[in-house]
Structure formats: structure tokens, C-alpha cells
Amino acid sequence: MLKTRIITALILGALVISAVFHPSHIFFSLLVSAFVLFGAWEWSVLAGLKLPFLRLIYAMSVLLATLGLTSLEGLFPITLLLLPVNIFWVFTFLWLIFGPSPEVQKITIFQGTIRLFLGYLLLASAALGLLTLKQESAGLLMYVLGIAWVADIGAFFTGRQWGHVKLAPTLSPGKSWEGAVGGIVLVGLYASSAVALFELADTQVIVAFVIATFTSAVFSIIGDLYESYIKRKANKKDSGTLLPGHGGVLDRIDSMLASVPVFVFVFYLIK
């Protein structure tokens, strides 16, 4: 299992890095479209859709909605287009503080409809954020993708060494407050290195960069916890089985559903 997990991670990493740094935007756009399509397919199950035909229609409609949203980027400011999803993540953060019950329950038509709508919002907004960053700079895009990874790595090792106080015991028992703090600290070092690497000189840009980074790191944790909540409600251990050793696509991008649009919104709002 470990060998399979490592091989899958290496293949995914190579695929993402090659698409990010390829001079043509087409390859990265196709990769993002694939993530949206498969992510929507998995999300449909978590929302209560069981018939494969309906799941396929939903996945295709999410992809079309994503293409429609990205086509509006030249007509409206990116901060306006990403405002709804950022409002959602802020309210989700406040809601998670009160410890929502993760108990399995039958998904009602109303709950399923809300979740299906959220699939459009979250996947399309994350895709828009990724494509915006790709247009800005491949280096910046890779950096923003790395925020969630660095926060997760820092949280894992810090939590394993010193973690005692559970962050959200009913949603993700393995996460601790100590781990979360360790992840944020490592992100701080990551940001400091990036400021030097990118040779940022403008004070306002540096401030926007640092604030966006820390905000993105915090919300990467929120994205992870929210998907854990949705999976537990749907009585699913993983979102899917597409990625051997890693579960589904959503299991790999749950943090970035929040971290990417939050970074883009905050960064472009301040700078």
C-alpha cells in the first residue's frame, strides 16, 4: 500500500509540475478540467446522487459552469468573481468553530440540492483561481499550490511529535492545535523564502503576499475539515477510488478548494 501510495504521488506530482511550467496554458487547462470533472463526479455521491447517468450529467454541468465562470474573468474583477466562495469559506470557518455534528444521516432532497450547488461554487472557483495564477506566473502558481502542502507537512510532523489538544475530534481525530500551529509556522518560513526568491521589493505587494499566504494556510485547514464533515455525513471514508493509495480526487484537493481562491482573492484585493 505504501509503495502504491508513493508511486501515485510521484506520478501526480510530475503531472502537475509539468503542466504548471509548460509554456502553453492548454495542458494546465486540460489538467484543471480533469480535476473539476472527476471532482464533481465524486462530489455528486457525497451529495446523494446514486445513478451513474445523473452523476455524469452533474459532472459535465459543473465543468460547463467552470468554463462559463472563467470566461467572465476579462469582464469582471477577479475579486468580484471570487467573493461568493470567500464568503462561504468565512461562514464555514465560523460554523466549524461550534462543532457541527458529523453523524451519518439520510440526505434529504433539500440537503442534497444545497450540496450539489456547493459543488458548482467550490470547484468552479478553485479552477478560476488556478487559471488566474497560471496567467500571472507559473512560479506564483506553484508557490500557492505549495501552501496547502507545506501547511499539511508541518502539521503532520508537529502534531505527531507534540500534538495533544484535538483540533476537531469529531471530524478529523488526527488533527491537533499544536499541529495546526506548526503548519502555520512552517508556512511562515516558506513565505519568507519565497519573498526572497521572487525578489519582491514593493512593500504593498510584499504585505499582500504575506497576508494572502497566511490566510490561505488557515483556510486550507478549513477546506480539509469541511470535506471530512461532508464525507462523514455521507458515511464515506474516501471521496472515491480513482487514485490508488490516496482515495479520490477530492481527497487530494480538498485543502486547495479553499486555499487557492482565498489566496487569489486576498492577494489581488490588497495589492
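The values are calculated or read from the model by the stated rules, or taken from the named source; none is laboratory data. Everything quoted here is computed from the prediction, not taken from an experiment. All Cβ positions, even for glycine, are placed from backbone atoms using ideal geometry, and neighbour counts span all protein chains on display. Note: accessible area is taken over every heavy atom of the protein model, side chains too, but ligands, DNA and RNA are not part of it. Shrake-Rupley method; radii C 1.70, N 1.55, O 1.52, S 1.80 Å.
Among the trypsin sites (Lys or Arg not before Pro) found in the range 217-248, those both in a DSSP coil and sparsely packed, with 14 or fewer other Cβ atoms within 10 Å of their Cβ, are K237. Structural descriptor for the chain: relative contact order 26 percent, calculated from alpha carbon pairs under 8 angstrom and at least 6 residues apart. Only Cα pairs under 8 Å and 6+ residues apart enter the sum, and on that basis the relative contact order of the range 1-90 stands at 18 percent. On the beta carbon distance between I57 and A34, with R0 = 25 Å, the FRET formula returns roughly 0.90. Please identify the helices of the chain, taking whole runs of DSSP H, that span at least 18 Å along their own axis as judged from the Cα atoms and have a mean Kyte-Doolittle score of 1.6 or higher. The answer, listed by residue number, is 2-21, 25-46, 83-97, 249-270. For the range 184-271, with all protein chains in place and a probe radius of 1.4 Å, 62% of the accessible heavy-atom surface sits on carbon or sulfur.
Which of the three applies to the range 56-154, rounded, prolate or oblate, going by the alpha-carbon gyration tensor with a ≥ b ≥ c and a/c under 1.5 meaning rounded? Oblate is the answer for the range 56-154, as a/c is 1.5 or above yet b/c matches or exceeds a/b.
Please give the FRET efficiency for A196 paired with L10, using the beta carbon to beta carbon distance and R0 = 30 Å, rounded to the nearest 0.05. After rounding to 0.05, the efficiency reads 0.60.
Solvent exposure of the chain, expressed per residue, is 51 Å² of accessible area, with all protein chains present and a 1.4 angstrom probe. Shape analysis of the range 1-89 places it in the oblate category; the axes a ≥ b ≥ c from the Cα gyration tensor give an a/c of at least 1.5, with a/b not above b/c.
Ranked by the mean number of other Cβ atoms within 10 Å of their residues, highest first, the peptides 29-38, 85-94, 246-255 come out as 246-255, 29-38, 85-94. Here N235 and S24 are evaluated by their C-beta separation; at R0 = 51 Å the FRET efficiency comes out at 0.75.
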